[in-house]
1. Across the stretch B:3-41, which residue is farthest from the other protein chains (Cβ to nearest Cβ) among those that are of a type in the set (G, A, S) and open to solvent by less than 60 Å² (accessible area, probe 1.4 Å)?
2. Please state which one of A:S87, A:S38 is within 16 Å of ligand 2 (Cβ to nearest atom) and open to solvent by less than 10 Å² (accessible area, probe 1.4 Å).
3. Residues that are without any contact (Cβ under 8 Å) to a residue 24 or more places away in the chain, open to solvent by less than 30 Å² (accessible area, probe 1.4 Å) and on the phi < 0 side of the Ramachandran plot: which helices (runs of 4 or more DSSP H) entirely in the stretch B:95-177 hold 2 or more of them?
4. How many residues are within 15 Å of B:A159 (Cβ to Cβ), small (G, A, S) and open to solvent by 20 Å² or more (accessible area, probe 1.4 Å) if we restrict to the stretch B:42-90?
5. Would you point out the residue of the stretch A:69-102, among those that are within 10 Å of another protein chain (Cβ to nearest Cβ) and of a type in the set (A, V, I, L, M), that is farthest from the chain's Cα centre (by Cα)?
6. Test A:G220 against the stated conditions and say whether it is closer than 25 Å to A:M142 by Cβ and among the small types (G, A, S).
7. Can we say A:N21 is more than 16 Å from ligand 1 (Cβ to nearest atom), within 24 Å of A:N223 (Cα to Cα), assigned by TED's automatic domain parsing to the domain that holds A:T191 and open to solvent by 50 Å² or more (accessible area, probe 1.4 Å)?
Amino acid sequence: MIEVKDLFKSFNGQQVLHEVNATFDPGKVNFIIGRSGSGKSVLTKCIVGLFEVSSGSILYDGREFTSMNRGERKAIRQEIGMLFQGSALFDSLTVLENVMFPLTMFGNMSKEEMKERANFCLKRVQLEAAHNKFPSEISGGMQKRVGIARAIAMRPKYLFCDEPNSGLDPQTSIIIDNLIREITVEYDITTVVVSHDMNSVIEIGDNINFVNKGTIWWKGTRNDILKTENQELNDFVYASEFLKQIRHNLG
Amino acid sequence: MQLFYHTGRYFELVFNAFRRPERFSIYWKQIVHEVDKIGVQSVGIISLLSLFMGAVICIQTAANIDSGWIPAYTIGFTVRQTLILEFCPTIIPVIMAGKVGSNIASEIGTMRIKEEIDALDIMGVNSAGYLILPKIVAALFIFPFLVVISMFLGIGAGAVVGELAGVVGYADYEVGIQYDFRPFQVIYAIIKTLVFAFIITSVSAYHGYYTKGGALEVGKSSTQAVVYSIVLIMVTNYIITQLLLV
Ligand SMILES: Nc1ncnc2c1ncn2[C@@H]1O[C@H](COP(=O)(O)OP(=O)(O)OP(=O)(O)O)[C@@H](O)[C@H]1O
Ligand SMILES: [Mg+2]
C-alpha cells in the first residue's frame, strides 16, 4: 500500500500540486487520471522520488519515503518497477539483456538463474521468441511488453505505469491493460497507472483518482465514475460524442 | 548567476559519478567497452592528422629559417618541441572533443529524453556513476596512449618529409630531435592530456545528462559539449602551462 499525505509541490514558486491525499491498494489497479497538464506526471514523479516534494509525506507500507536518505531510498526503489511512457528500454542491449539488467545490477543470482528469471518474465508477456532482438527491431506494443517484463523482473511490490497505452491501437491497448491487471492480481502488487484513456479505466480500473487543478478532485471505483455527478469529472469522462451517446442510451 | 548554477551542478554530477559502484564487474565491462569506443576507434583519425601535422610543421619551419646562420638541426628540434608541447597534448584533445565529446553528449542526452536515465534511477542504479564514470576512467587511461602515438607519428612524418622534400637530411633531423631533450616536457604533456581527457568526458556528459526536451535539444547539447570542452581546454592549457613551465 502506498499512501500520499498532504503533498504539495511547486517549481520555483509556481504551485503545481496542493493538498494531494491518496491511497493506492495492493492487488488493485489504481488509476491517476486527469487532463493534460493537470499534474499527473509530476505527482507520479514525486511518489517515486524523481522529484523532491515541497511538503507532505509518502508512505510505502508505512515507511516514510520523503525523509529517507539515499541508501534507504535505494532499498525501496528495488521494490519498485516502472513502465515508462516511451518504454525507456536500453537501446544498446537486447530484449533479454534489458530484462536481465536490474538482476545483474542488484540480484544475487548466478548467471543461469538470471537468464531463467528473465526468460520467465518474457514468457509471462508472451515474448520469449524475441529475446535476441534489439528494442529498435520490435514494435511499440512489444516494447511495452518488454518494459513490463523488465519492471517485474525484480518481483516488485509496487508497479508504476505512465500512459501504458499511448501510441497503441485499441486491441493492443487491451492486451497491455489485461496484462497489467493479471500481473497485479497474480503477484499482489500495488499498481499505479497514469492515464487519460477512459477505455483502460473502465477496463481495469479498481480505484480511480481524478486529478484536476493540481489536486485529487474526485476518487471512486469504475462503477462510480460512470454515474458521477461531479461536473469536472463528467466533462472529462464524457468528452467524446460517442461516450455521450452511450450515457444517453443508458439513461 | 547562470555560471554559478552550472558550475555547482557540474561538480555535484561529477561527485555523484564517483560514488561507490553497485557492481564493479559491470563497471569494468563498461570501461573496456568505452576504451574501445573512445580510444581504439580514434587511432585512425589521430594517426592521419599527426602524420600530416608533423609533415607540415617540418616544411614550414624549414621555409622560415632559410638562412645559413641557423643550423639545420633546428628543424628537427622545432618539430619535436611543437608536437610534444602543444600539438599532441592540446590539439589532439581538441579534435577528440569534437569526435568523442559530441558523441558522449548525444548518447547520454538521448538516454535522458527517452527516460532511460529515469529508468536507471527508479531501479536504484546510480545513473551518473553507471553512465559517466566508465567514460572518464576510459578516457584517462587511453588518451595518454593516443597522444604518445601522435608524438611518434608526427616526428616520424617530419623526418620522412624533410628528407623527401630535401629540406633536412635524416642525420640533421636526428640531431635536432635529440637536442636539449628534457623528459619533464613529456610529463608536462601527459599531465595536460589527463586534465583534458577529464574535461572532455565530464563536461560532455554534463551537457548530455541535463538535456531537456527532444531531438533538437540533444543536438544543442552536443554542440555545447564541444564548445565548452574546447574553451575549457584552452583556458586550462594556459593555467597549466603557467604553473608548470614558468
Ligand atoms: N520540471 C518542471 N518544471 C516546472 N514545471 C513543470 C515541470 N514539470 C511539469 N511542470 C508543470 O506542471 C504542470 C503539470 O504537468 P504534468 O506533466 O504533470 O501534466 P500531466 O498531467 O502529466 O499532463 P500529460 O497528460 O500531458 O502528460 C504543467 O503545468 C507543467 O508545466
Ligand atoms: Mg504526463
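1. Among them, the one singled out is B:G39.
2. A:S87
3. B:116-123
4. Looking only at that region, the number is 1.
5. Only one residue tops the list, namely A:A75.
6. So A:G220 does not fit the description; no.
7. yes
One line per residue, one yes/no per condition, for (1) among the hydroxyl-bearing types (S, T, Y); (2) within 16 Å of ligand 2 (Cβ to nearest atom); (3) under 25 Å from A:G37 (Cβ atoms):
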| position | (1), (2), (3) |
| --- | --- |
| A:R145 | no, no, no |
| A:P164 | no, yes, yes |
| A:E203 | no, no, yes |
| A:N212 | no, yes, yes |
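The values are calculated or read from the model by the stated rules, or taken from the named source; none is laboratory data. Keep in mind the model is a prediction, meaning the values are calculated, not measured. Glycine gets a Cβ as well: all are built from the backbone with ideal geometry, and neighbour counts include every protein chain shown. Only protein heavy atoms, including side chains, enter the accessible area calculation; ligands, DNA and RNA are left aside. Shrake-Rupley method; radii C 1.70, N 1.55, O 1.52, S 1.80 Å.
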